[in-house]
Amino acid sequence: MNIGIDKIGFAAPDYVLDLADLAQARNMDPNKFKLGLLQSQMAVAPVTQDIVTLGAKAAAAILTEEDKQTIDMVIVGTESSLDQSKAAAVAIHGLLGIQPFARSIEMKEACYGATAGLVLAKSHIAQFPDSKILVIASDIAKYGIASGGEPTQGAGAVAMLVTANPRIMVINNDNVCQTRDIYDFWRPNYDKYPRVDGKFSTEQYTDCLTTTFARYQEKTGKTLADFAAMCLHIPFSKQGLKGLQAIAQDEETLDRLSQRFQEAIIYNQVVGNIYTGSIFLSLLSLLENSRALKAEDQILFYSYGSGAVCEIFSGSLVEGYQDQLENDRLAAFNQRKRLSVQEYEQIFFEEISLDETGSSDDLVADQSPFALSKIENHQRIYRKKG
């Protein structure tokens, strides 16, 4: 049975910060971001936007009413959880109006969580072929003003409808995983921002890739020459490029895959790091910007979550996959409101004030399809537009 991605959608906040402006404000060379990180912009989420609103917006863009009545599982992969108990998937399920007899859960393992959700969805559909599962990767990467990770922040969500006989990509049965108990990037419950051992993390990203790919080759007999493109987890675009270079066996294959890689990071470069969704945003960018791909082409994936769990797997494009995509997504990115650095510092790091009852005043009006309107007795109250 062929199982995979039938639809894919994306949502980002309506605000953006140009990294050239950030570099100037931090007295840094703009090329450190543009060339050193291969990043140019970051999406900025206001206090009214979170993983629930972004995830719901991404899913609403692709789901029909029929989909909502047939989805029987909602999975959210995130490392930006809003509650230690209640899953963001439950709130998204309600906002979207998905039929009530569905399972809704949240999965966590740093930037790997949504990949685990995709694997679970595939296993479920193998048992129940008529099932449809909504897998959402939604995150807000925030490190603090003038922090080392500041230029790699971002916000956004990718939503995927997983079904049998998918119209975009079949997920192949060739997964290879690796787990290492390390601390390269982590965020204790008592910390507002994550802790990062930057050099160690980049080393682990690459070493996990090379060792897992070697195991993948042993298991499958495939080489990079078998793939039309490769999508990697993109904490920042230069890291993904270094990963590709680390496993390339010959110059011809590296050159070919590097061309596809440049197409696959177009969206990441103007959104920034969205943790669990970064690899799938890269897939979306590749599919919507490459003219070199064709049906039956195989794409290799490297998903990495600090702490650390990684997975290598592949997918095969389906005939007519282009019909399920958008042609003008970059135009939408260009319509975002460009913030000054001062505005960015105020908007991105605003905190909601609560009174003694755990309630807030009504928040500033947000014209997005879904928005946080207030907090009442410690409960987050969302508004659906229209």
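Using Cα pairs under 8 angstrom and six or more residues apart, how large is the relative contact order of segment 112-180, in percent?
32
Excluding residues fewer than 8 places away in the same chain, name every one of the aspartates and glutamates whose C-alpha is closer than 17 Å to that of residue 294.
Qualifying aspartates and glutamates at Cα under 17 Å: 6, 226, 263, 319, 323, 326.
When only the heavy atoms of the protein chains count and the probe is 1.4 Å, how do 230, 1, 107 rank by accessible area, highest first?
Sorted descending by solvent-accessible area, the residues read 1, 107, 230.
One-quarter of the Cα convex hull surface for segment 185-262, in nm²?
Projected over every direction and averaged, the Cα hull of segment 185-262 covers 6.2 nm².
Determine the dipole magnitude for the chain: charges of +1 sit on the beta-carbon of Lys and Arg, -1 on that of Asp and Glu, nothing else is charged, the reference point is the Cα centre, and the result goes in debye to the nearest 20.
120
Please compute the length gained on full extension between residue 251 and residue 145, using 0.36 nm multiplied by the number of residues separating them and subtracting their Cα-Cα distance.
The span from residue 251 to residue 145 would gain 34.1 nm if fully extended.
Could you check the spin-label model distance between residue 167 and residue 322? Points 7 Å from the Cα along Cα→Cβ, value in nm.
A separation of 1.6 nm, rounded to one decimal place.
Residue 211 label point, 7 Å along Cα→Cβ, cut-off 20 Å on backbone N: hits in segment 248-286?
Residues passing the 20 Å test: 248.
Quick one, could you list the DSSP H helices from the chain stretching 20 Å or more along their long axis (Cα atoms) with average Kyte-Doolittle hydropathy of -0.5 or above?
113-127
Of all beta bridges DSSP finds with both residues in segment 1-157, what is the antiparallel percent, to the nearest 5?
Roughly 45 percent of the beta bridges in segment 1-157 run antiparallel, per DSSP.
On average, how much accessible surface per residue is there in the chain, in Å², for a 1.4 Å probe, leaving out ligands, DNA and RNA?
Per residue, the chain has an accessible area of 43 Å².
Using Cα pairs under 8 angstrom and six or more residues apart, how large is the relative contact order of segment 325-383, in percent?
Rounded, it is 21 percent for segment 325-383.
Keeping every protein chain in place, order 364, 47, 90 by accessible area at 1.4 Å, biggest value first, i.e. largest first.
Most to least solvent-accessible, the answer reads 364, 90, 47.
What FRET efficiency comes out for the pair residue 126/residue 65, r = Cβ-Cβ distance, R0 = 22 Å, nearest 0.05?
Once rounded, the FRET efficiency stands at 0.25.
State the extension gain, in nm to one decimal, for the chain segment bounded by residue 367 and residue 180, taking 0.36 nm per residue of separation less the distance between their alpha-carbons.
63.0 nm
Under a GNM of the chain (C-alpha, springs under 10 Å), which listed residue has the highest mean-square fluctuation: 46, 13, 188?
188
How many percent of the accessible area of the chain is carbon or sulfur, using a 1.4 Å probe?
47
How far, in nm, would the chain grow between residue 385 and residue 189 when pulled straight, counting 0.36 nm per residue and subtracting the alpha carbon separation?
The residue 385-residue 189 span can extend by a further 67.3 nm.
Can you pull out the trypsin sites (Lys or Arg not before Pro) in segment 187-279 that DSSP calls coil and that have at most 15 other Cβ atoms within 10 Å?
Those satisfying the criteria are 192.
Quick one: compute the contact order of the chain, relative version, from alpha carbon pairs under 8 angstrom and 6+ residues apart, as a percent.
It comes to 23 percent, rounded to a whole number.
State which entries of 337/374; 7/68; 199/242 exceed 21 angstrom in Cα-Cα distance in the structure shown.
Beyond 21 Å: 337/374.
First measure r as the distance between the Cβ atoms of residue 258 and residue 346, then evaluate 1/(1 + (r/R0)^6) with R0 = 45 Å and state the FRET efficiency to the nearest 0.05.
That pair, residue 258 with residue 346, gives E of 0.70.
By per-residue mean of other Cβ atoms within 10 Å, what is the highest-first order of 14-20, 152-158?
Output ranking for 14-20, 152-158: 152-158, 14-20.
In the set (1) 0.95; (2) 1.00; (3) 1.06, which value of Rg/Rh (Cα atoms, Kirkwood Rh) was calculated from the structure you see?
Computed from these coordinates, Rg/Rh (Cα atoms, Kirkwood Rh) corresponds to label (1).
The values are calculated or read from the model by the stated rules, or taken from the named source; none is laboratory data. What you see is a predicted model, and the numbers here were worked out from it, not measured in a lab. No Cβ is skipped: glycine too gets one built from the backbone with ideal geometry, and neighbour counts run over all protein chains shown. Only protein heavy atoms, including side chains, enter the accessible area calculation; ligands, DNA and RNA are left aside. Shrake-Rupley method; radii C 1.70, N 1.55, O 1.52, S 1.80 Å.
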